[in-house]
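Heads up: the structure comes next, in structure tokens.
Each value in this text was obtained by applying a stated rule to the coordinates, not by laboratory testing. All of these numbers come straight from a predicted model, not from anything done at the bench. As a convention, Cβ positions derive from the backbone with ideal geometry for all residues, glycine included, and neighbour counts pool all protein chains shown.
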Amino acid sequence: MKPILQVSGLTKRYGPGCPECLRRTGALHETNQCPHCRSIIACREITFDLFPGEVLGIVGESGSGKSTVVRLLHFDDEPTQGEFRIKLNGSAGAACNPDPGRNLFALGAFERRQIRNAHMGIVYQNARMGLRLKVSAGGNIAERLLMAGWRHVGQMRQRAAELLIATEVPVLRIDEPPQHFSGGMQQRVQIAKALSTRPAVLLLDEVTTGLDVSVQARVLDLIRSLQQETGVATIVVSHDLGVIRLLTSRTIVMRHGCIVEQGLSDQILEDPQHPYTQLLVNSML
Amino acid sequence: MLRVENIQKHFISHVLNGKEVVGFRSVSFKVLPGMALGLSGPSGCGKSSILKCIYRTYLTGMGKIIYNSQTFGTVDLAVLPENEILALRRKEIGYVSQFLSVVPRQPAAEVVAAPLVEEGVSRAVALQRARGLLDRLNIGARLHAAYPATFSGGEKQRVNLSRAIIRPPRLLLLDEPTASLDAASMQVVLDLLLEIKARGTTIIAIFHDQAIMDRLMDDIYTMPVKES
């Protein structure tokens with residue numbers, strides 16, 4: 001099986017940078033801040049593949065760089081270094097279909113935005129980042145459809161209604177702004193928006209963090225069933241090993257911006273190798 | 001079908017300052033297609049760890065686990081890429097432990113039907129076959145729509161087993177899947193296992209029940225004594 005998404009050598013530095021940065025930070029040095037120039041190495045030399053239909057977990061504590069990785073992949077921020085390729089079925093070079101050999105980070109902002117709108121969906125921990133809270137739920141979804149090239153208002157409205165049904169948001173509230181919704185419902189609107197254009201890759205960044213457990217369970221069940229129905233290749237970022245166990249088949253463990261371990265999710269949970277992973281597993285409730 | 005060559009498993013616990021625990025030492029055996037091999041030895045001698053190494057829930061420290069797969073030909077399960085292990089788990093290798101390991105908040109019948117649905121069988125047909133299998137294992141209709149997490153120990157084990165054998169895998173790993181069953185259920189499980197074995201499934205299993213070992217197994221591997 002060929003990967004749908006390939007990331008290699010992905011590094012993000014905040015700060016001026018110096019020749020010491022990479023040598024004096026990372027998991028071995030127990031820090032992500034360069035002692036010489038004070039730059040933060042949020043993530044470094046991250047390399048992994050994502051296969052069609054699979055759910056890959058990225059787990060780690062706050063500040064380990066896991067969210068930085070998905071935000072770089074969503075072009076929310078510029079990487080310092082690294083390469084990123086997407087291989088889709090269908091003819092390469094066609095409208096919005098990236099050349100599989102091209103490093104997407106080397107493309108211009110306009111092309112990257114086009115690729116993102118056509119092929120990627122993201123759900124953030126904070127609904128404020130993924131939605132316009134004062135615009136109606138239907139309008140939020142239509143906005144994304146517009147960016148992906150939809151033009152027919154009736155069709156967009158119909159698609160929005162379908163998605164709200166699929167994500168268990170009452171369709172009667174399609175014209176209400178999400179700021180009137182509960183936290184769990186806001187997350188479901190974000191999921192509806194992310195899936196509206198049938199993306200090839202779905203990025204989930206701590207989507208259930210901060211929700212209470214019963215709401216969390218419903219959102220996770222929803223994600224699981226939608227993922228199985230659509231087969232969308234998914235990256236799940238979470239600090240919660242319970243979420244990782246429920247949703248993912250493979251997991252990457254990050255610490256201080258580095259990948260310290262990767263493997264099958266059940267192996268990570270039952271036979272963790274790295275001291276940090278063992279600590280994480282032993283800390284589970 | 002499967003040849004285990006001199007595998008070893010050590011656990012290094014960094015939480016306990018690098019304490020090393022031996023899982024098992026130098027284990028070798030082979031299973032021919034369609035045969036059933038029992039692993040025997042006292043508790044704590046590493047039987048379950050061997051099954052987990054074959055299934056890759058544990059990483060194998062040394063040695064080879066040569067498996068003759070339908071999908072990829074002859075492979076070493078100890079080092080096969082993860083996505084290929086996942087493909088084998090979906091298509092060829094099943095694993096049942098004595099503990100329930102299913103997605104929460106899913107009705108029993110759905111849990112059991114899932115492997116068929118994944119294979120492309122229609123939901124209605126899959127659910128019907130799942131209910132039939134559960135009935136045979138004395139899980140009554142009133143439990144089909146309930147969540148397995150709320151079941152008794154023995155009921156959970158039967159759900160686990162049903163899910164694994166509804167679409168018999170080529171290689172089935174069983175880790176005391178009947179530890180909490182009464183004699184009547186045990187007999188049904190034995191019948192089911194003999195049926196899938198007759199249809200070609202290769203089995204590697206741990207049972208403490210001697211009667212099952214005698215009637216199901218073609219061969220027994222006795223674990224080497226480990227000097228601590």
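Summarised as an ellipsoid, the protein assembly as shown has semi-axes of 42, 30, 20 Å, derived from the eigenvalues of the Cα gyration tensor scaled by 5 and square-rooted, with the largest first. Computed from Cα atoms, the angle from the helix B:82-91 axis to the main principal axis of chain B rounds to 40 degrees.
All other residues whose Cβ lies under 9 angstrom from that of B:TYR67 are scored, Lys and Arg at +1 and Asp and Glu at -1, for a net of -1. Dividing the helix sum by the residues of the protein assembly as shown, where each DSSP H run of 4 or more adds -39500 (n - 2.57), gives a mean residue ellipticity at 222 nm of -10500 deg cm²/dmol.
With coordinates expressed along the principal axes, the C-alpha atoms belonging to the stretch B:38-149 extend over 48, 36, 24 Å, beginning with the largest. Ranking A:GLY139, A:ALA233, A:LEU22 by how far each Cα lies toward the positive end of the dipole of the stretch A:5-284 (charges on Cβ) leaves A:GLY139 at the top. Can you give me the C-alpha center-to-center distance between the stretch A:103-171 and the stretch A:1-54, rounded to a whole angstrom? Centre-to-centre (Cα) distance: 29 Å. Springs join every pair of Cα atoms under 10 Å in this Gaussian network model of chain B, and among B:ARG170, B:ARG25, B:ARG142 the largest mean-square fluctuation is at B:ARG142. The base-10 log of I(q)/I(0) for the stretch A:85-244, evaluated at q = 0.12, 0.15, 0.19 Å⁻¹, reads -0.53, -0.81, -1.22 [Debye formula, identical scatterers on Cα atoms, solvent excluded]. Taking Cα atoms, how many degrees apart are the long axis of helix A:213-230 and the longest axis of chain A, rounded to 10 and kept between 0 and 90? The angle comes out at about 80 degrees. Taking the three principal axes of the alpha carbon atoms in the stretch A:5-284, the coordinate ranges are 56, 43, 33 Å, sorted in descending order. Counting only residues at least eight positions apart within a chain, or on another chain, the aspartates and glutamates with an alpha carbon under 20 Å from that of B:LYS9 are A:GLU261, A:ASP266, A:GLU270, A:ASP271, B:GLU20, B:ASP76, B:GLU82, B:ASP175, B:GLU227. Distances between every pair of Cα atoms in chain B, grouped in 5 Å steps from 0 to the bin holding the largest one, split as 1, 7, 14, 18, 19, 16, 13, 8, 4, 1, 0 percent. Against the main long axis of the alpha-carbon atoms of chain B, helix B:108-119 sits at an angle near 70°. Determine the shape class of the stretch A:1-131: with a ≥ b ≥ c the square roots of the Cα gyration tensor eigenvalues, call it rounded for a/c under 1.5, and otherwise prolate if a/b is greater than b/c, oblate otherwise. Verdict is prolate for the stretch A:1-131.
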